[in-house]
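Peer 1: My questions will all concern the structure given below.
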Amino acid sequence: MGSKVRRAKISDAAIISAIDASISEDRRLEVGRQPLEYYQEWLRCHDKRHPVLIGSDEEQGIAWWMALSRCNGSYCSDGAALVEMGVPDPFQNTELIDRILHYLEQCAVRQGYYKLIACLDARQRYLLHIYRRVGFRDVGTLRSQAYHKGQLLDMVLLERVLPADMEALQRYYTDHYDCYRAYFEEERRRTEAEAQGEYVLEYEEVETPEDQLPEGIVRFLRAKRTPDGQPVRRMVPRDTAGPELAEEPTEEGRGSAQAGPPAEGEAAPAGAPPAAAPVRDNPAPATPGGQAQLPEGIIRFLKSKRLPDGTPVNQSLPPVVPVKLAPAQERPQQPRHGDGEGEPPQSE
């Protein structure tokens with residue numbers, strides 16, 4: 001069959017109207033004929049990206065139309081097109097439908113589409129079979145979607161996924177939408193900065209003081225080392241009353257700071273501030289010997305831990321002090337009912 005296809009014009013509204021009139025109302029949802037102005041307005045809504053095509057075969061003496069229409073939705077769905085066609089009744093459910101669908105698929109790929117969508121009457125089972133045969137897959141059934149002659153009809157939604165050209169999509173969205181033009185420009189700048197070794201900070205780094213972190217995290221951070229083996233210098237609070245931070249002292253400074261006050265009988269170094277007595281938030285109770293008292297079970301557990309050479313891990317633990325509970329005071333027994341209650345005491 002030698003077929004010819006051309007792009008429809010506004011003047012072709014009468015031809016499209018005549019093709020629709022040759023289709024029985026059982027095969028289309030519209031009742032009656034639409035005015036000529038309706039088809040003219042419909043053609044104006046189809047631009048270069050959404051073409052309406054008219055095909056003809058002089059040997060068979062037929063003509064048909066096919067279109068790639070817009071999908072309902074925002075600009076995010078510009079890469080999907082809705083398949084529509086009008087074929088006279090004698091050529092319904094024939095190989096002409098296969099040829100039209102293959103031709104529309106080629107047009108969609110050239111236009112940069114990545115998906116074709118079709119919505120068909122659920123009663124046209126053979127037409128649904130043709131769509132599935134050329135590669136369309138069912139998405140679902142829209143229950144009671146269309147009104148036709150006093151009844152609600154189900155519509156079957158199908159899709160045909162095409163190879164996506166991401167570079168063509170990027171050019172399309174860049175040319176048509178300012179928001180994507182700015183987005184891709186920022187992405188290009190970020191990629192160039194990363195290629196040059198620059199670090200692009202996307203958020204503000206705020207270092208948390210150690211006194212606001214859990215103990216396990218503090219131990220992990222203190223165990224971290226720089227490539228040269230030095231401990232990582234972190235910021236610690238200079239004063240608990242304010243948010244000002246000071247640099248954490250190094251090993252030498254930490255050693256001098258942890259030296260503490262001079263022992264008894266030693267003189268304090270010149271210029272050293274007076275040592276303040278250590279303050280504990282919750283001082284542990286002390287035993288009669290002056291050592292801190294811990295629960296017996298915790299002390300036994302800590303004393304049981306050993307190093308690989310057998311040396312106890314915690315050698316400076318307080319002795320085990322068994323906790324003795326005070327004896328319970330005996331409560332006087334109450335006389336039971338009927339055991340002489342209310343009787344006067346007998347004299348000896």
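The values are calculated or read from the model by the stated rules, or taken from the named source; none is laboratory data. What you are looking at is a predicted structure, and each value in this text was computed from that prediction instead of being measured. Using ideal geometry, Cβ is built from the backbone for each residue, glycine included, and neighbour counts are taken over all protein chains shown. Note: accessible area is taken over every heavy atom of the protein model, side chains too, but ligands, DNA and RNA are not part of it. Shrake-Rupley method; radii C 1.70, N 1.55, O 1.52, S 1.80 Å.
Peer 1: Within segment 99-116, work out how many residues are without any contact (Cβ under 8 Å) to a residue 60 or more places away in the chain and either part of a helix (DSSP H, G or I) or touching a helix residue (DSSP H, G or I) at 6+ places or on another chain (Cβ under 7 Å) (or both).
Peer 2: So the answer is 11.
Peer 1: Checking residue 163 against (1) at pLDDT 85 or above; (2) in a loop (DSSP other than H, G, I, E, B); (3) open to solvent by less than 100 Å² (accessible area, probe 1.4 Å), which single condition isn't satisfied?
Peer 2: So the condition that residue 163 fails would be (3).
Peer 1: Follow-up question, since we're still on this one. Output the number of the condition that residue 112 fails; it satisfies all remaining conditions of (1) at positive phi; (2) open to solvent by 40 Å² or more (accessible area, probe 1.4 Å).
Peer 2: Result: residue 112 fails condition (2) only.
Peer 1: For residue 22, only one of the following conditions fails: (1) open to solvent by 40 Å² or more (accessible area, probe 1.4 Å); (2) touching a Phe, Trp or Tyr at 6+ places or on another chain (Cβ under 7 Å); (3) not basic (Lys, Arg). What is its number?
Peer 2: Just one mismatch for residue 22, condition (2).
Peer 1: Restricting attention to segment 37-63, which residues are of a type in the set (Ser, Thr, Tyr) and either in a strand (DSSP E or B) or open to solvent by less than 40 Å² (accessible area, probe 1.4 Å) (or both)?
Peer 2: 39, 56 - these are the residues of segment 37-63 that are of a type in the set (Ser, Thr, Tyr) and either in a strand (DSSP E or B) or open to solvent by less than 40 Å² (accessible area, probe 1.4 Å) (or both).
Peer 1: Does residue 12 satisfy the condition of being within 25 Å of residue 94 (Cβ to Cβ), surrounded by 13 or more Cβ atoms within 10 Å (Cβ to Cβ), modelled with pLDDT of 90 or more and charged (D, E, K, R)?
Peer 2: yes
Peer 1: Right, another one. Go through (1) open to solvent by less than 60 Å² (accessible area, probe 1.4 Å); (2) part of a loop (DSSP other than H, G, I, E, B) for residue 27 and report which single condition fails.
Peer 2: It is condition (1) that residue 27 fails.
Peer 1: Kindly indicate whether residue 193 is in a helix (DSSP H, G or I), in contact (Cβ under 8 Å) with a residue 40 or more places away in the chain and out of contact with any Asp or Glu (no Cβ under 7 Å at 6 or more places or on another chain).
Peer 2: So residue 193 fails the test.
Peer 1: Of everything in segment 64-98 that's part of a strand (DSSP E or B) and over 20 Å from residue 130 (Cβ atoms), which residue is least open to solvent (accessible area, probe 1.4 Å)?
Peer 2: 80
Peer 1: Restricting attention to segment 170-185, does a residue exist that is assigned to a loop (DSSP other than H, G, I, E, B) and open to solvent by 90 Å² or more (accessible area, probe 1.4 Å)?
Peer 2: No, that holds for no residue.
Peer 1: Got at least one residue in segment 124-132 being touching a residue at least 40 places away in the same chain (Cβ under 8 Å), within 15 Å of residue 65 (Cα to Cα) and open to solvent by 20 Å² or more (accessible area, probe 1.4 Å)?
Peer 2: Looking through segment 124-132, none of the residues is touching a residue at least 40 places away in the same chain (Cβ under 8 Å), within 15 Å of residue 65 (Cα to Cα) and open to solvent by 20 Å² or more (accessible area, probe 1.4 Å).
Peer 1: What's the total number of residues in segment 174-217 that are of a type in the set (Phe, Trp, Tyr) and modelled with pLDDT under 90?
Peer 2: The total comes to 2.
Peer 1: Testing residue 57 on (1) in contact with a Gly (Cβ under 7 Å, 6 or more places away or on another chain); (2) under 21 Å from residue 134 (Cα atoms), one condition comes back false. Which one is that?
Peer 2: (2)
Peer 1: Can you tell me which residue within segment 218-234, out of those that are surrounded by 11 or more Cβ atoms within 10 Å (Cβ to Cβ) and not in a helix (DSSP H, G or I), is modelled with the highest pLDDT?
Peer 2: The qualifying residue modelled with the highest pLDDT is 231.
Condition check ((1) under 19 Å from residue 20 (Cα atoms); (2) within 33 Å of the chain's Cα centre (by Cα)) across all residues:
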position: 88; (1), (2): yes, no
position: 98; (1), (2): no, no
position: 121; (1), (2): yes, no
position: 154; (1), (2): no, no
position: 171; (1), (2): no, yes
position: 180; (1), (2): no, yes
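Peer 1: Name the pairs whose Cβ atoms lie under 9 Å apart, with the first residue in segment 139-156 and within 18 Å of residue 118 (Cβ to Cβ), the second aromatic (Phe, Trp, Tyr) and open to solvent by 30 Å² or more (accessible area, probe 1.4 Å), and 6 or more positions between them or separate chains?
Peer 2: Matching pairs, first to second residue: 153/147.
Peer 1: Could you grab me the full set of residues in segment 136-160 that are surrounded by 13 or more Cβ atoms within 10 Å (Cβ to Cβ) and among the polar types (S, T, N, Q)?
Peer 2: Residue satisfying the conditions is 145 alone.
Peer 1: Can you find a residue that is touching a Ser or Thr at 6+ places or on another chain (Cβ under 8 Å) and within 18 Å of residue 27 (Cα to Cα) anywhere in segment 110-131?
Peer 2: Yes, segment 110-131 contains at least one residue that is touching a Ser or Thr at 6+ places or on another chain (Cβ under 8 Å) and within 18 Å of residue 27 (Cα to Cα).
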